[in-house]
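**Q** Take a look at the following structure, please.
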Amino acid sequence: MDYKAAFSDAVAQIRNEGRYRVFADLKRHRGAFPRATWTRADGGESEVVVWCSNDYLGQGQNPIVLDAMHQAIDEHGSGSGGTRNISGTNHHHVELEAELADLHGKEGALLFTSGYVSNEATLSVLQKILPGLIIFSDAQNHASMIAGIRNGGGPRHIFRHNDLAHLEALLAAAPADAPKLVAFESVYSMDGDIADVGATAALAKKYGAMTYLDEVHAVGMYGPRGGGVAERDGVMDQIDIIEGTLGKAFGVMGGYITGDAEVIDAVRLMASGFIFTTSLPPALTAGALASVKWLKQHPEVRDAHQERAATLKKMFQDAGLPVMENDSHIVPVLVGDPVHTKLISDMLLADHGVYVQPINYPTVPRGTERLRFTPTPFHTDDMMRKLVGAMEKLWAHCNVARMGGHAA
Ligand code: PMP
């Protein structure tokens, strides 16, 4: 077999579909967020404004966080020294887990090396802990939740996105005495729509089901202390397992779950993705701890973030650009085909100093390809005016129908 040719055929197919991914080579600079230096293919450099960072609040540049990371390296060194079980539990893990449990009003928390791992590792082990568990999963759940549920290998049902009537029909059809779990997200990252967390939890309870909520795109940003949408809506205690990341609004890296002590203990003892891997190093856990604590006390950052997102949405709307409606901080503009999405993104970067990555299938369904903007409290009015002006020009240039999405 010509293995080399087989690999390049696979890539050629992706390229033919307009889905070939090119990563922008960026250098971030301390104090310059959200500006960065982009290294072009020819080796030259340009200044750009980053419009698609998931460092939603700029915490990755907060001196409080950076100082904590420097100090941890100076005091404790680089790596953690092992898996959590074998010499890799450092005091910062213990402190950070207590802090995260407190953030979500839960008895316990468990850290993982990423949000992806926390979802995959936890969801894949629940059916071992609870034999016969039936999982009900929202159709738009993240790839890491889908991977965990699939790897668990037990029975599962997919309910239509945020469709509680469909969820209820599926719950009602399942055996009344079977253990059940409803797995969903609060803020869905690509459309930016927000689930009715309280109503979903109440429905789950009615049918005796546990709830698993991914708050990856909400922690740090919603709720009086940054506890997420469940905190904002006053329903944290209605959710059994809340999962989050330290890599987005908290600006560092890592993932976690929180829940009852028994739940955390069972996952700790049984989840391969927790047990068999080197734990997070001191710099990351110390940085995350500083970030979580700081954001708990700074609700004004959350207000500024929401204000910036609302302002950008209004500016796009006023310019007649098809911004997708939602109640979150995510600002998706629909293009509707992969070729134009990539073209507009390339031209924004090359000619306008705007970096926004095109979002194509399979991240979003075909025909809904888009540009996904994530303004932070550090994006100024001037940056927004320049962005919207550039988008208007390129929209006209590419002849993309306004408010309709698809290219004419
Ligand atoms: N859940 C959702 C909804 C996500 O969007 C992501 C990452 N984009 C993850 C989990 C994984 O989180 P992490 O980046 O920390 O691995």
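The values are calculated or read from the model by the stated rules, or taken from the named source; none is laboratory data. Quick caveat: nothing in here was measured; it's all calculated off a predicted structure. Neighbour counts are summed over all protein chains in view; Cβ atoms, including those assigned to glycine, are modelled from backbone coordinates with ideal geometry.
**Q** Looking at segment 137-148, which of the residues that are closer than 21 Å to ALA201 by Cβ and in contact with a helix residue (DSSP H, G or I) (Cβ under 6 Å, 6 or more places away or on another chain) is farthest from the ligand (Cβ to nearest atom)?
**A** The extreme case among them is SER137.
**Q** Just one of HIS157, HIS161 is more than 20 Å from TYR222 (Cα to Cα), away from the ligand (no atom under 11 Å from the Cβ), within 19 Å of the chain's Cα centre (by Cα) and not β-branched (Val, Ile, Thr); which is it?
**A** HIS161
**Q** Keeping to segment 203-241, report how many residues are within 13 Å of the ligand (Cβ to nearest atom) and out of contact with any Asp or Glu (no Cβ under 6 Å at 6 or more places or on another chain).
**A** Number satisfying all stated conditions: 9.
**Q** Let me ask another. Pairs only if they're at least six apart or on different chains, beta carbon under 7 angstrom, first in segment 387-398 and farther than 17 Å from THR374 by Cα, second part of a helix (DSSP H, G or I) and modelled with pLDDT of 95 or more; list them, first residue then second.
**A** LEU394/ILE344; LEU394/MET347; LEU394/LEU348; CYS398/ILE344
**Q** Sticking with this structure for a sec: Between LYS27, LYS106, which is modelled with pLDDT of 95 or more, buried (at least 22 other Cβ atoms within 10 Å of the Cβ) and among the basic types (Lys, Arg)?
**A** Just a single option satisfies the conditions, and that option is LYS106.
**Q** Still on this model: Can you tell me how many residues within segment 253-262 are more than 14 Å from ASN119 (Cα to Cα) and away from the ligand (no atom under 16 Å from the Cβ)?
**A** 3
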